[in-house]
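The values are calculated or read from the model by the stated rules, or taken from the named source; none is laboratory data. Treat the numbers as computed from the prediction; the structure is a model and nothing was measured. Cβ: placed from backbone, ideal geometry, glycine included. Neighbour counts: every protein chain shown.
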Amino acid sequence: MINLQPIRKNFYVPHPVVQKRSQHEVDEYRRSREIYVKNQAPNPIQNFSEANFPDYVMDSIIKQGYESPTAIQAQGWPTALSGKDLVGIAKTGSGKTLAYILPAIVHINNQQQLSRGDGPIALVLAPTRELAQQIQEVANEFGHSSYIRNTCIFGGSPKGPQARDLERGVEIIIATPGRLIDFLQRGTTNLKRCTYLVLDEADRMLDMGFEPQIRKILEQIRPDRQTLMWSATWPKEVQKLANDFLNDFVQINIGSLQTSANHNIHQIVDVCQETEKEQKLGTLLQEIGNTLDPDSKIIIFVETKKKVEGITRTIGKYGWPALSIHGDKSQNERDYVLRTFRTGGQYSILVATDVAARGLGEYKEEINKQINLEKQSILA
Ligand code: AMP
């Protein structure tokens, strides 16, 4: 048993304004930004100066010209800077990379400097090379002013340059799990100094079958490290990973859990002119009809009742018999349409307004999620 030197993880000095905010104000701010918090978390900050970052971090934020923290940053920074373990359920694009990189920089600058042969202080695990490289760009941009070195470790490219970076010593490693294990087994690096661990896109890493590798890596890191886990969704497998490897964590959800993207759904967005829609729909139905199995079903959501009728007629002309449903139809009619759609037969297409989604039984949750996602992306 090795005697571990205690580590310092809490660097948060709350701004007096943040500390003085009433619970009502805090709740109101969280509600307005759709921040949901489980377990005791510090008050969110509402602008950059309230984060009380050291000047070298503040300077790099100012350089970017950002106006205000994103929701995950507002709640994530004070939580992460306090040294707490954290689960963040937030989508890509929410500013989550900076939510964990800036506290990583503060954490690193408060640890003993690396000596020869030391491994990294912060480790970020990511599912893909692309994501790892995007994270590295952020680490480069924001770590530069305090001379924090990093390297990106991923499979499918020569090991030589990556090994040389590791041997020279880096404060941050951003890695995909397989290649990192390779280097750990060869002794090119080690995780004895690692006290800040990030699992980015944890749900995707599990989807890609990385769980055994993740577990193998995490077992090599001291148990009193700070761990931050990020995911777009919160399925049972991700919850288990969090429960197994995080201590007494604060969970932060941005937006409703119901609107998290489903990885099994491939979404294609085609932005086109109103006049092109009819022809595009015909082509799409043709393609889908040619490639999908005969039992598959198609639901076309449109905005108005009139459009439902129009599109049902149009695709009927193309030789695609379709059912239609909207709020003007009687309950009996709606039940009949849904029953017929479910049982299949000659009708595999349903044209509907989103009001109808409420009656779609087993499809309901999935459809509502998709509608919400679409609305969010349209509003964004
Ligand atoms: P991420 O979710 O980390 O992939 O970040 C998505 C994008 O948001 C990146 O291009 C960041 O540069 C940008 N970003 C991060 N934080 C902020 C902020 N506070 N204000 C505006 N943009 C930001």
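Residues in the stretch 59-91 that are within 13 Å of the ligand (Cβ to nearest atom), out of contact with any helix residue (DSSP H, G or I) (no Cβ under 8 Å at 6 or more places or on another chain) and part of a loop (DSSP other than H, G, I, E, B): GLY65, GLU67, LYS91.
When the residues of the stretch 111-148 are filtered to those that are within 13 Å of the ligand (Cβ to nearest atom) and hydrophobic (A, V, I, L, M, F, W, C), the one that is farthest from PRO6 (Cα to Cα) is LEU131.
Just one of (1) surrounded by 15 or more Cβ atoms within 10 Å (Cβ to Cβ); (2) of a type outside the set (Asp, Glu); (3) assigned to a helix (DSSP H, G or I); (4) within 13 Å of the ligand (Cβ to nearest atom) fails for HIS107. It is (4).
Just name the residue that is farthest from the chain's Cα centre (by Cα) out of those in the stretch 308-340 that are in a helix (DSSP H, G or I) and crowded, with 16+ Cβ neighbours inside 10 Å.
Restricting attention to the stretch 308-340, the residues satisfying the condition of being in a helix (DSSP H, G or I) are 308-317, 331-340.
So of that shortlist, the ones also crowded, with 16+ Cβ neighbours inside 10 Å come out as 308, 311-312, 314-315, 334, 337-338.
Values: VAL308: 34, ILE311: 35, THR312: 37, THR314: 39, ILE315: 37, ARG334: 37, VAL337: 37, LEU338: 34 Å.
Restricting to residues being in a helix (DSSP H, G or I) and crowded, with 16+ Cβ neighbours inside 10 Å, the top hit is THR314.
A search for C-beta distances below 6 Å between a residue of the stretch 79-97 that is over 14 Å from VAL198 (Cα atoms) and at pLDDT 95 or above and any residue that is within 16 Å of the ligand (Cβ to nearest atom) and of a type in the set (Ser, Thr, Tyr), counting only pairs 6+ apart in sequence or on different chains, returns GLY95/THR70.
Contact map, the stretch 119-131: residues that are farther than 19 Å from ARG215 by Cβ paired with residues that are small (Gly, Ala, Ser) and surrounded by 22 or more Cβ atoms within 10 Å (Cβ to Cβ), Cβ distance under 8 Å, separation 6+ or inter-chain. Pairs shown: ALA122/ALA104. Among residues of the stretch 178-196 being touching an Asp or Glu at 6+ places or on another chain (Cβ under 9 Å) and within 27 Å of SER82 (Cα to Cα), the one that is surrounded by the most Cβ atoms within 10 Å (Cβ to Cβ) is THR195.
Residues in the stretch 342-349: is at least one over 24 Å from VAL269 (Cβ atoms), under 34 Å from the mean Cα position of the chain (by Cα) and at pLDDT 75 or above? Even if it seems obvious, please write down each step before you answer.
So the first thing to find is which residues in the stretch 342-349 are over 24 Å from VAL269 (Cβ atoms), and the list is 342-347.
This time we only want the ones that are under 34 Å from the mean Cα position of the chain (by Cα), so: 342.
Filter once more, so that each one left must be at pLDDT 75 or above: 342.
The answer is yes, given that some residue of the stretch 342-349 is over 24 Å from VAL269 (Cβ atoms), under 34 Å from the mean Cα position of the chain (by Cα) and at pLDDT 75 or above.
Here's a check for you: in the stretch 12-44, which residue that is in a loop (DSSP other than H, G, I, E, B) and either of a type in the set (Ser, Thr, Tyr) or touching a His at 6+ places or on another chain (Cβ under 7 Å) (or both) is farthest from GLU67 (Cα to Cα)? Here the residue is SER22.
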